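A short worksheet on the structure shown next.
Please treat every number below as a calculation from the coordinates, not as lab data. The structure presented is a predicted model; accordingly, all values stated were derived computationally and were not measured. Here Cβ is always computed from backbone atoms with ideal geometry, including for glycine, and neighbour counts include all displayed protein chains.
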Amino acid sequence: MFLKKLDEQLTIALEQEGFEKPTPIQKKSIGRMKSGHDCLFIAPEQSGKTTAIVITVIQQLKEAFEDVPRALIVVEDRAKAEAMKAQFDILTEDTGLRVTAVFQGEHMLKQRDRVYAGCDVLIGPAKFLNELYSNSGMNLNGLKMYIIDDGYDVFKHEITSQIDRLTTSTPETQRIVFTTKMNVRINDYVEYYMIAPEVVEIKEEPSEEEVQ
């Protein structure tokens, strides 16, 4: 079994996709995110951070409900948004959860209409999420989880004011940040916007050459 206490349907979907056991960051983050507390997770590249987000969001939301987003996930760019949506699509096939990715390159009205048609999970870069919120009056009052994936890259490429603006536009909700490493911008965000966050850091394992 991938992890105890996951919904049976989700466990089956994970096993069908070849997820046999959790990585260290998945083992340490999924339960903490389910607690509802603000969380900061620091782990190396390719350690399974994005999959941990996808699994936890599915576990928490379970199925479609009303029409407004309940999870908002900030990513670096269009490629990351599309990749995360693809993973959601695979693992939510039997849940009915509605996942929408928004980004530059497609007409905003088309993307707005998809969100308005019903959306449980909304993924995109902060700048475009802000534009969608400002220009279409997107309803965020049902939000349960506000997540930043790959925080180091997001804060590197996004203007900090865009992230601040989006964060202050959301109601009081659980805030979660995943990052490969810390910098001043992430430190400031954690201090200003997160309440007593649980902090977990997974160290990168040394290579065979370093061990020798």
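Odds and ends about this structure:
- Pairs exceeding a 27 Å alpha-carbon distance, out of LYS80/LYS203; LYS21/LYS110; LYS5/LYS181; LYS28/LYS85; LYS62/LYS156: LYS21/LYS110; LYS5/LYS181; LYS62/LYS156.
- Taking the square roots of five times each eigenvalue of the Cα gyration tensor of the stretch 87-212, the equivalent ellipsoid has semi-axes of 29, 19, 15 Å, listed largest first.
- Cβ crowding within 10 Å averaged over residues, with 13-20, 88-95 ranked highest first: 88-95, 13-20
- Full-stretch length increase - ILE159, GLU17 - with 0.36 nm per residue and alpha-carbon distance subtracted: 47.5 nm
- Length-normalised contact order for the chain - Cα pairs under 8 Å, 6+ apart - percent: 28 percent
- Exposure proxy for VAL54, VAL154, VAL200: other Cβ atoms within 10 Å of each Cβ, ordered fewest to most, give VAL200, VAL54, VAL154.
- Karplus-derived 3J(HN,Hα), 6.51/-1.76/1.60, for each residue of the stretch 191-199, Hz, glycine and proline x: 5, 8, 10, 10, 9, 6, x, 6, 10
- Among [x] 17.5; [y] 18.9; [z] 19.6, the entry derived from the coordinates for Kirkwood radius over Cα pairs in Å: [x]
- Inter-centroid distance (Cα atoms) of the stretch 1-36 relative to the stretch 80-95, Å: 15 Å
- With both labels modelled 7 Å from their Cα along Cα-to-Cβ, the GLU172 to ASP7 distance reads 2.8 nm.
- Cβ-based net charge around MET108, under 14 Å, with every Lys or Arg adding one and every Asp or Glu removing one: +2
- Rounded to the nearest 20 debye, the dipole size of the chain about its Cα centre is 560 debye, using +1 on the Cβ of Lys and Arg and -1 on the Cβ of Asp and Glu.
- Vicinal HN-Hα couplings computed from phi for the stretch 102-116 (Karplus, 6.51 cos²θ - 1.76 cosθ + 1.60; Hz; Gly/Pro x): 10, 5, 5, x, 10, 4, 4, 4, 5, 5, 4, 4, 5, 5, 5
- Under Karplus coefficients 6.51, -1.76 and 1.60, residue-wise ³J(HN,Hα) of the stretch 74-80 in Hz, glycine/proline x: 8, 10, 5, 7, 4, 4, 5
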